[in-house]
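Structure, as structure tokens:
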Amino acid sequence: MEHPPGKTSDVPDQGDDSLPEVQDSLNIDHVKRLEQVFIMISPLFAQMEEIKQNKYESLRQVYDALDDVDRSYEEQKDTILQTLCGPSSSLNARILAQNVGAWVGRERDAVLNHHEVSMATAMKEGTGEAIKLPLYLPLDTRKREIRLLRLLPGDKSTKPCCEMFEASMDEKPEYFALSYTWGDQSVTGTVSVNGHEVSVTGNLEVALRNLRHEDDAMTIWIDALCINQRDLVEKRRQIMQMWHVYSQAECTLIWLGESSDDSDLAMDFVRTVNEADFNDPEVQLDPTIWKAVDRLLHRSWWSRVWIIQEAVASTNAIVKCGRKEAHFNSFMTISRIAIRRNFSVKGTFASPILPCCSLLCMIYDFEDQPKEASSLEPWMIRAHDFKSSDPRDKIYALLGFATAEERDAILPDYTKPLDQIQLEVSAHLLIESKRLITLQRGRGPNSVGLPTWVRMGSSSSEQSYMPMIFPAAGRTPYSASANSIIHPVFSSDLKTVTLCGSTFDTIAFVSPRVMPKALFETLWPLTCGVWENCVEVFQAKNGNPYANTCGKAEAFWRTLILDRLVDWSGPPPSAFGHLFEVSTGCAQVPEEYVKSCKTASNDDIRTRYLYPFYRSILAHLSGRSFFITGKGYMGLVATKDGAEEGDLICLLAGGEVPFILRSKGESLYQFIGELYVHGIMDGSAWNDSRPLPVGVKQGKEDGWEEFRII
């Protein structure tokens with residue numbers, strides 16, 4: 001689901017009429033403060049009573065009047081919270097503030113319901129003819145009501161016509177759910193809904209023309225029509241129900257768009273593909289078919305952030321492109337083949353960063369864990385390169401994966417500035433998780449003006465890399481800080497966070513970023529040779545930290561793949577060392593392997609032999625830079641900002657990987673990004689014999705350093 005830029009009220013919502021319970025008995029101070037708040041908001045209730053008594057010619061006028069109430073409440077919201085909290089920030093006070101917002105919201109709903117019902121039942125003067133019912137009547141949140149469409153039969157040439165009705169999710173209605181992209185919002189069409197002409201995006205109108213049956217009606221849920229986009233309170237409530245809408249649907253219909261070029265060829269292949277046919281390395285795919293499949297997998301649907309929740313939540317899904325269709329599982333089969341085999345248009349490997357492949361990994365990860373173990377933070381990291389028309393949806397579109405506590409704390413609010421949302425969510429994740437997983441995100445272009453530790457925004461596809469994290473478990477495969485936890489301290493405006501830890505080393509050499517297209521060209525052996533020469537120079541001067549462990553050569557190739565297989569299941573076997581030597585021309589493919597490949601060319605034989613190593617290289621080295629530390633350690637760094645010589649390599653409490661900080665003077669630091677340092681990822685450099693301070697004080701405590709990050 002995608003949403004155009006807009007606004008919603010910030011009235012808190014619990015999904016029903018229940019309110020949070022106060023944890024302890026209220027003291028007299030709370031009561032006095034609550035009385036002050038009632039005096040503050042009494043004009044709002046008087047304003048809503050006046051709106052209720054007024055006569056309006058249309059519901060649009062009612063909405064406009066209530067928008068004034070929303071704005072007035074928004075302006076007073078912070079003052080209300082401050083009044084209730086007083087000098088402290090007690091849980092009771094915050095719950096009371098939430099209840100106040102809910103009271104305002106319920107009164108607003110009552111006013112709107114009054115006018116909708118009165119207009120629906122009014123009679124035209126002197127004619128006895130009933131006025132046409134409004135398109136949207138209030139939904140009963142206690143019954144978890146949604147709206148459904150009965151898409152009437154018709155052919156592709158006629159305008160889509162629908163009948164809309166309410167249904168309770170508790171009664172398990174039967175319906176399809178549509179997953180699609182809104183597309184270019186300047187291109188519009190019309191749909192008839194209960195006799196109303198409704199403007200929709202052109203892509204949705206085309207989808208309905210193609211999806212409807214010629215003889216039978218079908219019941220379907222569509223976000224743009226089934227949610228009253230002008231009712232800001234309803235919109236928030238419905239977004240919070242999105243997971244249930246897709247998980248309870250009989251089938252999710254995924255609309256990729258109209259057929260074009262060779263999309264029919266691709267759809268026919270996907271529909272009939274048999275994964276077992278490609279277990280034999282001698283079986284090759286027709287390049288013409290693969291080009292068609294490649295284009296299909298790069299349609300916009302695969303890269304939109306809303307489809308992650310929709311695809312993962314759906315128990316049954318059909319993909320449609322024009323008049324062709326295939327089961328969603330068939331596309332997952334294609335993804336597995338693409339990752340496992342050397343299928344590509346341009347002679348390189350199908351990258352695990354390909355959105356379709358990333359989505360496959362997310363689905364598998366989610367299925368491997370209990371739903372209650374899911375949390376928002378790791379999914380935001382893995383969804384970093386997915387797109388949304390509104391940057392706020394990079395958070396809101398993933399709330400289906402959030403814990404109950406996270407859903408209570410992070411409510412969809414399109415009225416807040418983007419920077420404020422990203423700052424508040426980042427601080428909340430640090431406090432609640434007590435880990436620095438959120439700092440492992442990349443930093444995108446729309447993060448300008450935010451503190452450097454707020455790692456949100458979108459990176460360009462050319463700078464994509466796979467983060468060092470399991471999305472389902474919410475952890476990395478490393479423990480550089482020995483599974484410690486954090487007690488962050490924030491400035492009053494949240495823009496400065498103080499963390500504790502220690503400085504391990506500094507960056508002494510850093511290479512340019514490695515891009516996927518250059519990995520397997522003739523530059524690969526040359527690049528590795530240059531890096532190895534740099535290691536020789538630095539270790540000759542400062543010593544070899546790997547002399548008593550794995551040795552310099554093995555440390556080098558393990559660094560290039562983060563010392564992990566492509567699925568993060570564990571370190572690669574020592575046999576990968578020979579694969580690395582073959583890839584750089586220092587060794588040959590074993591003769592017995594050559595003989596086993598009967599019909600393949602020499603280049604194909606070499607490619608197949610090296611594939612396990614190439615696959616790990618592509619997944620882990622793409623988008624990263626190779627670096628050497630002052631002590632001679634080797635590593636990889638992935639950050640848009642770029643590491644520089646002299647940057648600090650720090651181990652921070654709560655961090656599962658090391659991080660780069662850049663000194664800005666006066667005990668202040670910029671946060672640059674995560675990094676891999678071979679030899680310390682298991683916690684061997686973390687001194688956990690010293691007790692961590694709870695909170696952070698000025699100066700050093702028991703040898704720990706304080707880092708004030710801005």
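Read-outs throughout are calculated quantities, based only on the coordinates presented, and are distinct from any laboratory measurement. Keep in mind that this is a model prediction, so the values were computed, not measured. Methodologically, a virtual Cβ is constructed for each residue, glycine included, from the backbone with ideal geometry; neighbour enumeration extends over all protein chains shown.
State, as an integer percentage, the relative contact order of segment 144-249 based on alpha-carbon contacts under 8 Å between residues 6 or more apart.
The normalised contact order for segment 144-249 reaches 34 percent.
At 0.36 nm per residue, minus the direct Cα-Cα distance, what do Ser491 and Ser192 gain on full extension? Give it in nm, one decimal, please.
102.3 nm
Which entries of Lys32/Lys77; Lys156/Lys387; Lys434/Lys495; Lys143/Lys320; Lys77/Lys416; Lys77/Lys143 have Cα-Cα distances beyond 22 Å here?
Table pairs above 22 Å Cα-Cα are Lys156/Lys387; Lys143/Lys320; Lys77/Lys143.
Report, for segment 144-249, the % of DSSP beta bridges that are antiparallel, rounded to 5.
Expressed as a percentage, antiparallel bridges in segment 144-249 total about 80.
Based on other C-beta atoms within 10 Å, arrange Cys650, Cys597 from fewest to most.
Ranked by crowding around the Cβ, least crowded first: Cys597, Cys650.
Give me the one-decimal nm value for the distance between modelled label points at Ser569 and Val530, 7 Å along each residue's Cα-to-Cβ direction.
3.5
For Asp682, Asp563, Asp365, what's the fewest-to-most ordering of other Cβ within 10 Å of each Cβ?
Taking fewest neighbouring Cβ atoms as first place, the list is Asp682, Asp365, Asp563.
May I ask you to derive the FRET efficiency for Glu74 and Glu166 from their Cβ-Cβ distance with R0 = 25 Å, giving the value to the nearest 0.05?
Given R0 = 25 Å and the Cβ-Cβ separation, E is 0.30.
Can you classify segment 144-249 as rounded, prolate or oblate using the Cα gyration tensor, where a ≥ b ≥ c are the square roots of its eigenvalues, rounded means a/c under 1.5, and otherwise it's prolate if a/b beats b/c and oblate if not?
Since a/c reaches 1.5 but b/c is at least a/b, the shape of segment 144-249 is classed as oblate.
Sort 426-439, 540-553, 193-206 by the packing proxy (mean of other Cβ within 10 Å over each peptide's residues), most packed first.
426-439, 193-206, 540-553
Multiply the residue separation of His213 and Glu592 by 0.36 nm, subtract the distance between their alpha-carbon atoms, and state the gained length in nm to one decimal.
Here the segment from His213 to Glu592 would lengthen by 130.6 nm.
Please report Ile507, Ile51 as a ranked list, fewest other C-beta atoms within 10 angstrom at the top and most at the bottom.
Fewest to most other Cβ atoms nearby, the residues stand as Ile51, Ile507.
What order do you get for 525-533, 160-168 when each peptide is scored by the mean count of other beta carbon atoms within 10 Å, highest first?
Ranked by mean Cβ neighbours within 10 Å, highest first: 160-168, 525-533.
What nm value, rounded to one decimal, do you get for the distance between His298 and Lys159 when each label is placed 7 Å out toward the C-beta?
A separation of 3.8 nm, rounded to one decimal place.
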